[in-house]
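Here's the structure, in structure tokens; my notes come after.
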Amino acid sequence: MSKKQIDKLMHSLLAISSILMLLGTFFKLQHYPYGDLILSTGIWSSLVIGTIEISHLKKIRKTLEKEASKSN
């Protein structure tokens, strides 16, 4: 997969997890069944995706710092 495809996938997954959190919140407020499950799934998926994104950004930052130190 190219970097562009990975970025698009991560943004899509983050959007889906956000939708799950909103839907779960709505279900909990209306006392519909499975509200807890939907909300928990959205929160956990958002946490996992956020952790992956942060590690990816750290990797990019490290690469940029190495390039900057080589040019000096």
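Under the convention that each Lys and Arg Cβ holds +1 and each Asp and Glu Cβ holds -1, the size of the dipole of the chain around its Cα centre is about 420 debye. Expressed as an acute angle from 0 to 90° and rounded to the nearest 10, what is the orientation of the C-alpha long axis of helix 3-29 relative to the principal long axis of the chain? For helix 3-29, the angle is close to 30 degrees. Working from label points 7 Å from Cα in the Cα-to-Cβ sense, the Gln5 to Glu65 distance is 3.1 nm.
Modelled spin-label separation between Val48 and Ser12, with each label point placed 7 Å from Cα along the Cα-to-Cβ direction: 1.7 nm.
Taking the radius of gyration and the Kirkwood hydrodynamic radius from Cα positions alone, what is the Rg/Rh ratio for region 16-66, to two decimal places?
Radius of gyration relative to Kirkwood radius: 1.30.
Compared with the dominant Cα axis of the chain, that is its longest principal axis, helix 35-71 is turned about 10°.
Provide the net charge surrounding Glu53, with neighbours chosen by a C-beta distance below 14 Å and charges set as Lys +1, Arg +1, Asp -1, Glu -1. Let's see the in-between values first.
Details: positive: Lys3, Lys8, Lys58, Lys59, Arg61; negative: Asp7.
Net charge in that neighbourhood comes out at +4.
Here each label is just a point 7 Å from Cα along the line to Cβ, and for Ser55 and Thr25 those points are 2.8 nm apart.
Every number in this text was worked out from the coordinates using simple rules, so none of it is lab data. What you are looking at is a predicted structure, and each value in this text was computed from that prediction instead of being measured. Here Cβ is always computed from backbone atoms with ideal geometry, including for glycine, and neighbour counts include all displayed protein chains.
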